[in-house]
Each structure stands twice: as structure tokens, then as C-alpha cells.
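The values are calculated or read from the model by the stated rules, or taken from the named source; none is laboratory data. Values in this document were obtained by computation on a predicted structure and should not be read as measured data. So basically every Cβ, Gly included, is an ideal-geometry build from the backbone, and we count neighbours across all protein chains shown. The area values use the complete protein model at the heavy-atom level, side chains included, leaving out ligands, DNA and RNA. Shrake-Rupley method; radii C 1.70, N 1.55, O 1.52, S 1.80 Å.
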Amino acid sequence: MSSSILLATAASGSLGFIGLLVLLVLAVIVFCLIIYMIPVRHWIAAMFSGVPVGILSLVGMRLRRVPPAEIVDALIQVRKAGIDVRADTLEAHYLAGGNVSRVVAALVAADKANMDLSVQRATAIDLAGRDVLEAVKMSVNPKVIETPEVAAVAKDGIQVKAIARVTVRTNLDRLIGGAGEETILARVGEGIVTTIGSTDHHKKVLENPDQISKVVLAKGLDSGTAFEILSIDIADVNIGKNIGAQLQTDQANADKNIAQAKAEERRAMAVASEQEMKARISEMRAQLIAMEAQVPLALAQAFREGRFENKEA
């Protein structure tokens, strides 16, 4: 009787220990879930930085799958820079697929450089696929892009090869929908070709290469692009081939080939005519031989028929 009581007591004690263990595990899971859903650390950081973000807003970010750390860090950064940006704006930009950190960094850089860049424009530029931070940096520090070697022919037939360096800066007003660097390079190359091609003598290009820069820069090549051209500098000018002489040589060779072809055609026609004449002569000879062979036969036939009379009788 006593043994059964001891077994029952031990079983009840084991069940109680298991229950406590299960409750402890559940409590740990619930605590971790609460800590994950309620980013207390970020809320404390925002509170001490003077950023008005409620703890319920942070929970909402978790539910909307927006990382609270990225939003809070961005808000703290703009707050320290003295820029007024709402958390809802950054959260909406993140949900739209934008890069929040790049936008915030661009806003801070533009504010330090006294540039007029609003949050709406910065987010629109970022969502358009442009690097808004790089655009702000290029507005402050212009970028130099180098064209590939451009070859053109002056009016005297001499080829001139030139390389230009184009200094550009970003035009934030035309960044959305504006053409890129490739268009700038293509237009500058076209302007160099046109300017060299309209020069009477290639020596003028060598003597005044800055004239190319002035003419090309005056064409307004940055129209419709996302950049503003500050200067165009000719970095290198070289003389290429004598295209005029080469074209004349090629034309002379072509004329010679045509003349040779016509002469060969006339020779072939003469040979053909000679062969045709020989064939006719051979045919006439054959006919003459055939006719000569018929003469004895005709004479014999005449003798047999008595058509020949003896005139002496």
C-alpha cells in the first residue's frame, strides 16, 4: 500500500516538473517574440535622439516587414542634420523598393552644400533608378569624362584624330528622364567630326584646337540630358591618313580595273570574231571540196548520157 502511494507521489512530481519545464519554454518563446515584435532598443535610441517614433509605430513596421533599424537610423541621421523628414515617408519609400540610406545620405549632403533638394525629389530620383547620392556629389564636384578617339577628315582630305575631356555636373531638375553620359559622349563626338569636317585645312585644327571646343560647346549639347556641360577641352590631336589621296588612288585603281575589264572584253570579242571567221572559212572550204568532188561525177554522168559531142567530127 505504501509503495503504491510512493509511486503515485513520484509520478505526480515528474508531471509537475515537466509542466513547469513546458511553461518555462513557452515563457521564453513568448518573451523572444515580444522582444522581436517590440524593438525596445531602437525605441530607446529614437527617444534619446529626439526622434518622434512611438513604440506602436515600430511594431507596425515589424508587421509591415519594414526593418525598424533602417528607418530609425535614417531618422536619427536627418534629425541631427536638421532636416524634417517623417517616418511614414521613409517607410513608404522602402516599401516602394527604394534605398532609404542612399536617399538620406543625399539629403544630408545636399543640405551641407546648400542645394535645394526636397525629400519628394530625392525619393523620385531614387525610384527612377538613378543614384541620388552620386548625383548630389557630381553637382558639388563636377566629373570629367573622356571621349574615345574621334576621327574626322578636313576639307583638304587629311584625317585628324582628337580626344576630348568633357567636364559635367548633374542637373537635378533634369535627372528624371534625362539622357546619360553616353548621349553626352555621342554628341561631343558628332560635334568634333562636324567642326573638323568644316575646316578648310587640317593645319588650322592643329594650330587652334581650342576652336573645336568653342564651336562644340556653343551647340548646347547638354539639352535634354541629366547633365550640364561646363567645359570641353581637347586633350590630344593627331594626324591620321591622307584620306583624299587614298580616295584618289582607289578611284584611279578602280578606273584602271574598269579599263582593263573593257579591254579584256574587246579582246575576247575579237578572239570570238576571229574564231567565228575561221569557222566560216572552214565551212566554205568543206563546201568547196564537196562541190569539187561532184564535178567528176557530173562529167561521167554527162558522158554516159551522150551530152558531150565530138566537135571535130
Please check: in the Gaussian network model of the chain (C-alpha springs, under 10 Å), which one of A74, A151, A252 has the largest mean-square fluctuation. A252
What part of the accessible area of the chain, given as a whole %, is carbon or sulfur when the probe is 1.4 angstrom? 59
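With 30 Å as the limit, write out which pairs from K219/K241; K214/K241; K112/K219; K143/K241; K143/K219 have Cα-Cα distances beyond it, or answer none.
Numbers: K219/K241 28 Å; K214/K241 26 Å; K112/K219 34 Å; K143/K241 33 Å; K143/K219 20 Å.
Going by Cα-Cα distance, K112/K219; K143/K241 fall outside the 30 Å limit.
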Heavy-atom accessible area per residue, the chain, 1.4 Å probe: how many Å²? 65
How big is the shadow of the Cα convex hull of segment 139-178, averaged over all directions, in nm²? 4.2
How big is segment 228-290 in terms of Cα radius of gyration and Dmax, in angstroms? 29.6, 100
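If each residue of separation counts as 0.36 nm, what is the full-extension length gain between M277 and L127 once their alpha-carbon separation is subtracted? It would help to have the intermediate numbers written out before the result.
Values: separation 150, 0.36 × 150 = 54.00 nm, distance 8.73 nm.
Between M277 and L127, full extension yields 45.3 nm more.
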Of all the C-alpha pairs in the chain, what % are more than 29 Å from each other? 70
Using a Förster distance of 51 Å, the FRET efficiency for A113-Q251 (Cβ separation, nearest 0.05): 0.30
Amide H contacts of T199 (H built 1.01 Å from N, under 5 Å, at least 5 apart or other chain): K155
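Assign unit charges at the C-beta atoms only (+1 for Lys and Arg, -1 for Asp and Glu), then state the dipole size of the chain relative to its Cα centre in Debye, rounded to the nearest 20.
Values: 34 positive and 35 negative charges, 134 e Å.
Here the size comes out at about 640 debye.
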Kyte-Doolittle mean at least 1.6, axial Cα span of 15 Å or more - DSSP H helices of the chain: 2-37
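Report the FRET efficiency, 1/(1 + (r/R0)^6), for A81 and L230, where r is their Cβ-Cβ distance and R0 is 41 Å, rounded to 0.05.
On the way: r = 28 Å, r/R0 = 0.69.
Working from the Cβ atoms, E equals 0.90.
What net charge is computed for the residues neighbouring V188, neighbours being all others with C-beta under 12 Å from the C-beta of V188, Lys and Arg scored +1, Asp and Glu -1?
Working: positive: R165, R187, K219; negative: E146, E181, E182, E190, D222, D233.
Summing Lys/Arg as +1 and Asp/Glu as -1 gives -3.
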For labels at T89 and E305 in the simple 7 Å Cα→Cβ model, what's the distance in nm? 13.1
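Mean shadow of segment 60-130, computed from the convex hull of its alpha carbons, in nm²? Show your work: numbers first, answer last.
On the way: hull surface 17.4 nm².
Averaging across all directions leaves 4.3 nm² for the Cα convex hull.
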Counting only other residues whose beta carbon sits under 14 Å from that of Q159, what net charge do I get with K and R as +1, D and E as -1? +2
